[in-house]
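Please read the structure below before turning to the comments.
The values are calculated or read from the model by the stated rules, or taken from the named source; none is laboratory data. Remember, it's a predicted structure, so these values are computed and weren't measured experimentally. Counting neighbours? That spans all protein chains shown, and the Cβs are built from the backbone with ideal geometry, glycine included. In case anyone asks, the SASA skips ligands and DNA or RNA and just uses the protein heavy atoms, side chains included. Shrake-Rupley method; radii C 1.70, N 1.55, O 1.52, S 1.80 Å.
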Number of protein chains: 2
Amino acid sequence: MVDAAESRRPGGRSTRVLNAVYTAVGELVGEGAERVSFPVIAERAGVNPTTLYRRWPDVGSLLEDVAVAALTREGESAPDTGSLRGDLTSWAETISRDISRPERARYLRAMVAARVHLVAACPVNDVRREQAAEVVQRASTRGEPAPTVEQILDHVVAPLYHRVVFALEVDDAFARRLVADVLAMSG
Amino acid sequence: MVDAAESRRPGGRSTRVLNAVYTAVGELVGEGAERVSFPVIAERAGVNPTTLYRRWPDVGSLLEDVAVAALTREGESAPDTGSLRGDLTSWAETISRDISRPERARYLRAMVAARVHLVAACPVNDVRREQAAEVVQRASTRGEPAPTVEQILDHVVAPLYHRVVFALEVDDAFARRLVADVLAMSG
């Protein structure tokens, strides 16, 4: 349990709780836990379940927050290589390696399995949209013809996530092929 | 339970068992059952659990077979409209409407959630590959330039499944946009 002394340090407590909760979720999903519920997460994290019920409307929302936190920790601006092809290739390869790690792939599957109804927003997708927009913006500054942000999401990001979620193999060659295809669209 | 008399009619029993099992799986996943296990499926289908253990190595394989059976029931050849754009558009719209039905979307999520390790083959994907190959073959017979089968899978099929599995909205306009993009590749 996070103790009372902890809660007197401003800022310290909530960050520590958040880290404990995110780590617990990552561990449980990584271990292939069949049912990741608030009580189970709270027990693993050593926090009071009410902390979770107060902060997240359901387990799915917590899973999304963890996914976005993981993305944000791991370097979040798209790479700036000086060319559109270079930026897209390096970015697509990074995404591909990142999401295909077994624990991350399992995580994504658990996250989507928790979605029952259509979602209005997908935070993971929103992070990718911002990164794609940066890449397109830099290309436009250099005067390079570029696909749209939506085309990059649909034809580079979506096929990578599709393969990973369906447990099909991805590699750098696949990432590069997707980039070549999307560049041919605006070619 | 499927009775002994039934098993004396050649062909009858196994088809009847299969239908009962597939229906049970569809119902359970559709109802949002948290854990679809062999005993639970057997009980709902009114068959002996050993029937399931004998036929499928795990629940995931059974889910895949049901998914393929559903695809196959629902008209499987890609439409023949006389043009590549027409074929792809009609096919993409059909896929989009089919997999975005709530019970089918939940089904796909349950199916991928059951995948723990990389799969060597994805039967659902294989059905789509055959359909795409038909469309490309007809285009080639007519002398129309066409994208490759892999491009159609990566840039039309994958983005549709990606959105549905992530519980994001798809509609005919989205399907048509994907087709326009993939046609621009082979420009």
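Between copies, the label points at residue B:117 (set 7 angstrom from Cα along Cα-to-Cβ) are spaced 3.9 nm, reported in nanometres from shortest to longest.
Here is the tail figure for segment B:77-185: Cα pairs spaced more than 22 Å apart come to 30 percent of all pairs.
Taking both sides together, the accessible area buried where B meets A is about 3100 Å² for a 1.4 Å probe.
A loss of 20 Å² or more of accessible area (1.4 Å probe, protein heavy atoms, ligands and nucleic acids excluded) relative to the isolated chain is seen in these residues of segment B:105-120: B:106, B:109, B:112, B:113, B:115, B:116, B:118, B:119. For the protein assembly as shown, the Cβ-based charge dipole about the Cα centre amounts to some 660 debye (Lys, Arg positive; Asp, Glu negative; other atoms uncharged).
Rolling a 1.4 Å probe over the heavy atoms of the protein chains gives chain A an accessible area of 47 Å² per residue. Between the exposed loop cleavage positions of chain A, defined as GluC sites (Glu not before Pro) in a non-H, G, I, E, B DSSP state with at most 16 neighbouring beta-carbon atoms within 10 angstrom, the longest gap is A:77-168.
The long axis of helix A:12-30 is offset from the longest Cα principal axis of chain A by roughly 70 degrees.
Seen against the Cα atoms of chain B and their longest principal axis, helix B:102-113 is set at about 80 degrees.
For segment B:77-185, averaging the sequence separation of C-alpha pairs within contact (under 8 Å, six or more residues apart) and dividing by the residue count gives a relative contact order of 41 percent.
Kirkwood radius and radius of gyration were both taken over the C-alpha atoms of the protein assembly as shown, and their ratio Rg/Rh is 1.02. Per the Debye formula on identical point scatterers at the alpha carbon atoms of segment B:15-59, with no solvent, log10 I(q)/I(0) at q = 0.14, 0.25 Å⁻¹ is -0.26, -0.85. Would you calculate a helix-derived [θ] at 222 nm for the protein assembly as shown, using -39,500 (n - 2.57) for each DSSP H run of n ≥ 4 and dividing by the full residue count, to the nearest 500? One gets -21500 deg cm²/dmol as the mean residue ellipticity at 222 nm. Highest mobility in the GNM of chain A, judged by mean-square fluctuation with C-alpha springs under 10 Å and restricted to A:106, A:142, A:128, is found for A:142. For segment B:127-173, a decrease in accessible area of 50 Å² or greater in the assembled protein chains relative to the isolated chain, with a 1.4 Å probe, applies to B:154, B:155, B:162, B:166, B:167, B:168. The relative contact order of chain A, computed from alpha carbon pairs under 8 Å that lie at least 6 residues apart in sequence, is 22 percent.
How big is Rg to Rh over chain B, alpha-carbon atoms, Rh as the Kirkwood inverse-mean-distance radius? Write down the numbers at each step before the final one.
Working: Rg = 18.8 Å, Rh = 18.1 Å.
Computed over Cα atoms, the ratio is 1.04.
The angle separating the long axis of helix A:123-142 from the principal Cα axis of greatest extent in chain A is about 30 degrees.
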